[in-house]
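Everything on this sheet refers to the single structure shown next.
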Amino acid sequence: MVSAKVASALSTIPSTQDQQQGYEALLNDVQFTSSPADLPKDLKAILDAIFESSLGIVATRSLTLYFVNTLKEIKSNETKIEVGEHALSVFQSQASSFEEQNAQVRETMATAYEADEEFLDAAKILAGIPLESSQRKVTNEDKVKFWIRITRNYLEVDDTTLAEQYLNKAKNLIYTVSDRDMNLHFSLCQARIQDARRNFLAAAQGYQDISFMTVIAEEERLHTLSMAIKCAVLAPAGPARSRALGRLYKDERASTLEEYSILEKMFLDRLLSPTEVAKFAEGLAPHQLAKTSDGSTVLAKAVVEHNLRGASRLYSNIGFDALGLLLGLDGDKAEETTARMIEQGRLVGRIDQIERFIWFEGGEATGEKGSGRSEGVVGRELKRWDSNVQGLAEEVEKVTSELQLVYPVSIALLYLRRRLTLSRTSWRRI
């Protein structure tokens with residue numbers, strides 16, 4: 001029910017000489033004179049009265065803009081949302097004539113939803129703003145701003161599918177935007193989507209690039225660097241992750257962060273203990289602790305693969321069961337994990353299923369599929385022995401060639417004398 005004071009004012013305005021001025025005065029007073037409980041009803045009644053009056057389209061547009069500005073000044077988020085929904089339904093009947101008012105009301109409602117942490121509702125209400133229209137001019141910067149805002153709201157509720165859709169729209173126009181803050185938010189959204197989609201290597205690179213931007217505070221730069229380390233740790237073990245860990249390890253700021261100890265051990269291929277892993281897991285986001293299709297978490301899988309690479313640095317060969325004990329798995333699971341990493345080119349070695357042994361190659365995998373499989377026995381000592389023998393043979397051949405260049409006749413005579421000696425020896429035996 002409309003308050004008595006507003007009802008009385010609305011009944012007298014049509015009889016006044018300047019109705020527009022009367023409505024503006026009423027809008028100025030209503031937020032101070034109406035009680036919090038009556039304010040939503042009073043604002044709805046005023047808006048309805050404006051449209052019911054025969055003021056003409058120009059005056060109605062002016063008054064509705066005045067109404068929207070009044071709505072923005074109200075402190076109650078509930079009132080903004082309730083009145084905003086009513087206003088949108090009223091504007092819908094003449095949508096083409098009140099596109100600007102519709103957009104401003106939606107922005108006001110989105111701000112209220114965001115303040116109440118209703119991010120999904122905020123994203124949906126913003127998505128209804130028309131950006132292609134002949135009635136209102138929307139610049140590329142404004143479009144990118146809307147799309148990034150929608151993306152950030154969807155990311156708050158972990159809806160990466162819709163978030164990526166709107167970020168892709170912004171991607172087509174971001175190159176035309178020179179605003180540093182806008183480009184920063186775009187890069188951050190991109191990194192967060194890659195993080196949520198478990199594309200951890202790309203996310204780590206994105207977070208680290210953001211951590212170098214001087215437009216944000218030092219505390220925020222360190223936070224994004226911390227996120228970069230977390231993503232690099234969660235990435236699948238292999239040459240690409242080793243390069244990412246190397247970039248972060250060489251960053252002087254990394255030593256001040258809590259994640260530095262696990263970063264250092266991973267970069268140096270040292271084995272991780274369950275206590276260290278549990279402590280690191282406390283700082284991860286929920287999506288980073290989600291379970292994969294095989295029932296293990298992303299972190300657990302990353303740690304197993306890392307420890308497997310660490311074991312390959314310590315052992316020339318190891319049995320399935322012994323490796324499983326080291327990794328906290330059963331022997332068959334340890335074999336399966338090793339086979340997958342070798343096949344994907346993230347580990348170099350050979351599996352003997354009959355003897356239930358894994359032979360590790362000392363070199364670094366290339367990361368190309370199928371490049372991790374080695375042929376034959378790949379013991380380090382045997383490899384080193386073959387290399388030494390080959391080197392010695394090459395040196396003897398080099399010395400012989402040098403002697404022949406300096407003493408060509410003597411070498412030829414020596415060769416002939418050796419052949420004659422061998423012939424006499426053979427003749428005597430006959």
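The values are calculated or read from the model by the stated rules, or taken from the named source; none is laboratory data. Since this is a predicted model, take the numbers as computed values, not measurements. Glycine gets a Cβ as well: all are built from the backbone with ideal geometry, and neighbour counts include every protein chain shown.
The numbered conditions (1) more than 30 Å from R136 (Cα to Cα); (2) charged (D, E, K, R); (3) modelled with pLDDT of 85 or more are all true for K5 except (3). Of the residues making up the stretch 165-217, just one is in a helix (DSSP H, G or I), among the acidic types (D, E), in contact with a helix residue (DSSP H, G or I) (Cβ under 9 Å, 6 or more places away or on another chain) and farther than 24 Å from A290 by Cβ, namely D209. Residue under question is T33, and the condition is that it be surrounded by fewer than 18 Cβ atoms within 10 Å (Cβ to Cβ) and touching a Lys or Arg at 6+ places or on another chain (Cβ under 7 Å); does it hold? Taking the combined requirement at face value, the residue satisfies it.
Scoring A281 on the criteria (1) crowded, with 17+ Cβ neighbours inside 10 Å; (2) touching a helix residue (DSSP H, G or I) at 6+ places or on another chain (Cβ under 6 Å); (3) closer than 19 Å to C231 by Cβ leaves a single failure, condition (1). For the stretch 238-256, does any single residue satisfy the condition of being among the aromatic types (F, W, Y) and within 16 Å of the chain's Cα centre (by Cα)? No - not one qualifying residue is present in the stretch 238-256.
Table: residues versus (1) buried (at least 18 other Cβ atoms within 10 Å of the Cβ); (2) modelled with pLDDT of 80 or more.
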position	(1), (2)
L327	yes, yes
I354	no, yes
G362	no, no
R380	no, no
K383	no, no
D386	no, no
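Listed here are the residues, each with its yes/no results for (1) basic (K, R); (2) buried (at least 16 other Cβ atoms within 10 Å of the Cβ); (3) not assigned by TED's automatic domain parsing to the domain that holds L43.
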{"site": "E114", "(1), (2), (3)": "no, yes, no"}
{"site": "E118", "(1), (2), (3)": "no, yes, no"}
{"site": "T139", "(1), (2), (3)": "no, no, yes"}
{"site": "I150", "(1), (2), (3)": "no, yes, yes"}
{"site": "E164", "(1), (2), (3)": "no, yes, yes"}
{"site": "K169", "(1), (2), (3)": "yes, yes, yes"}
{"site": "R180", "(1), (2), (3)": "yes, no, yes"}
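Before we move on, is F91 closer than 21 Å to V138 by Cβ and either surrounded by 18 or more Cβ atoms within 10 Å (Cβ to Cβ) or in the same structural domain as A45 (by TED's automatic domain parsing) (or both)? Here the answer is yes, as F91 does meet what is asked. When you check E141 against the structure, is it within 26 Å of D42 (Cβ to Cβ), under 35 Å from the mean Cα position of the chain (by Cα) and part of a helix (DSSP H, G or I), yes or no? It is false that E141 is within 26 Å of D42 (Cβ to Cβ), under 35 Å from the mean Cα position of the chain (by Cα) and part of a helix (DSSP H, G or I). For first residues located in the stretch 85-104 and on the phi > 0 side of the Ramachandran plot, partners that are surrounded by 18 or more Cβ atoms within 10 Å (Cβ to Cβ) and in a helix (DSSP H, G or I) and lie 6+ apart or on another chain with Cβ distances below 9 Å do not occur. Those helices (runs of 4 or more DSSP H) of the stretch 219-335 in which 1 or more residues are farther than 26 Å from R350 by Cα and among the charged types (D, E, K, R) occupy 239-249, 260-267, 274-281. When restricted to residues that are small (G, A, S) and over 20 Å from H223 (Cβ atoms), the stretch 250-276 contains 1. Suppose we filter Q194, Q165, Q135 for residues that are touching a Gly at 6+ places or on another chain (Cβ under 9 Å), farther than 30 Å from K75 by Cβ and not small (G, A, S); which single one remains? It is Q194.
Of the residues E258, E282, E252, E276, which is farther than 25 Å from A334 by Cβ and in contact (Cβ under 8 Å) with a residue 12 or more places away in the chain? Spell out the reasoning first.
On the way: E282 fails: in contact (Cβ under 8 Å) with a residue 12 or more places away in the chain; E252 fails: in contact (Cβ under 8 Å) with a residue 12 or more places away in the chain; E276 fails: farther than 25 Å from A334 by Cβ.
That would be E258, the only listed residue that is farther than 25 Å from A334 by Cβ and in contact (Cβ under 8 Å) with a residue 12 or more places away in the chain.
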